[in-house]
Amino acid sequence: AGLTVAAVALPLALAFGVSSGASAAAGLVTAILAGFIMGALTGAPFQISGPTGAMSAVLIVLVQRYGLTGIWVAGLFSGLLLLIIGLMRLGRFIAFIPAPVISGFTSGIALIIFIGQIDNFLGIKTPGTETAAQKLLGYFHGGFTPDFHTLILGLVVIATMIFWPAKWNARFPASLLGIILATLLNWTLNW
């Protein structure tokens with residue numbers, strides 16, 4: 001579980017730090033502090049305190065409109081709202097939200113994250129747009145040259161995750177192996 005978190009949640013925290021307009025280090029520190037604070041303030045046997053994919057959609061819009069200050073204000077109000085919901089024991093009402101609504105929301109967030117990562121996969125920086133659909137359509141207009149070193153490193157990770165046997169994945173996550181192989185390749189070839 002720890003290796004999977006290292007391979008998935010920490011890079012996600014780095015990405016959220018960058019997408020929020022802060023630095024990658026800010027995202028990493030935030031994820032680490034959240035884990036310590038969650039462990040100190042709760043007694044639950046299972047705790048999930050890492051960054052969530054749904055936050056990327058919120059962070060991108062907040063940064064574009066209000067900057068880093070907007071994120072701080074939204075974080076403060078979100079925390080207060082969660083505290084009020086907990087004190088009033090309103091969490092049980094989540095059971096009344098239909099499964100298709102939750103599934104649709106989750107699928108939409110997955111698409112937004114996927115579209116947001118195309119720049120990183122191609123090693124390019126496209127101009128910011130208002131919507132994910134505009135960003136996706138912008139790739140078909142061309143006007144950019146992919147960085148082939150970055151593209152190869154991304155393909156190494158993808159290939160590792162596809163071809164790593166499922167029975168071995170339980171012992172050592174393919175995503176972590178892919179990151180290690182890409183890092184070694186990058187370091188060896190001095191890209």
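The values are calculated or read from the model by the stated rules, or taken from the named source; none is laboratory data. Given the structure is predicted, the values throughout are model-derived calculations rather than measurements. As a convention, Cβ positions derive from the backbone with ideal geometry for all residues, glycine included, and neighbour counts pool all protein chains shown. Heads up: the accessible areas ignore ligands, DNA and RNA and are worked out on the full protein's heavy atoms, side chains in. Shrake-Rupley method; radii C 1.70, N 1.55, O 1.52, S 1.80 Å.
Take the stretch 55-110 with all the other protein chains still there, run a 1.4 Å probe, and you get 79 Å² of accessible area per residue. Surface exposure of the stretch 119-191, expressed per residue as accessible area with a 1.4 Å probe, stands at 72 Å².
Expressed as a whole percent, the accessible surface of the stretch 104-191 that belongs to carbon and sulfur atoms is 71, based on a 1.4 Å probe.
Among P165, P98, P173, the largest mean-square fluctuation in a Gaussian network model of the chain, built with springs joining Cα atoms closer than 10 Å, belongs to P98. Look at the alpha carbon pairs under 8 Å that are at least 6 residues apart: their mean separation over the length of the chain gives a relative contact order of 20 percent.
A dipole drawn for the chain from +1 and -1 charges on Cβ atoms has a positive end, and of T69, L33, V101 the residue lying farthest that way is V101. Evaluated with a Cβ-only charge set (Lys, Arg +1; Asp, Glu -1), the chain carries a dipole of roughly 380 debye about its Cα centre, given to the nearest 20. Per-residue accessible area (protein heavy atoms, 1.4 Å probe) orders M55, M88, M38 as M88, M55, M38, starting from the largest.
Given the alternatives (1) 31, 23, 17; (2) 87, 19, 12; (3) 26, 20, 16, semi-axes √(5λ) of the Cα gyration tensor in Å as computed for this entry is given by (1). Of I32, I84, I113, the residue with the greatest mean-square motion in the GNM of the chain, using alpha carbon springs below 10 Å, is I84.
Solvent-accessible surface (1.4 Å probe) assigned to I94 amounts to roughly 110 Å².
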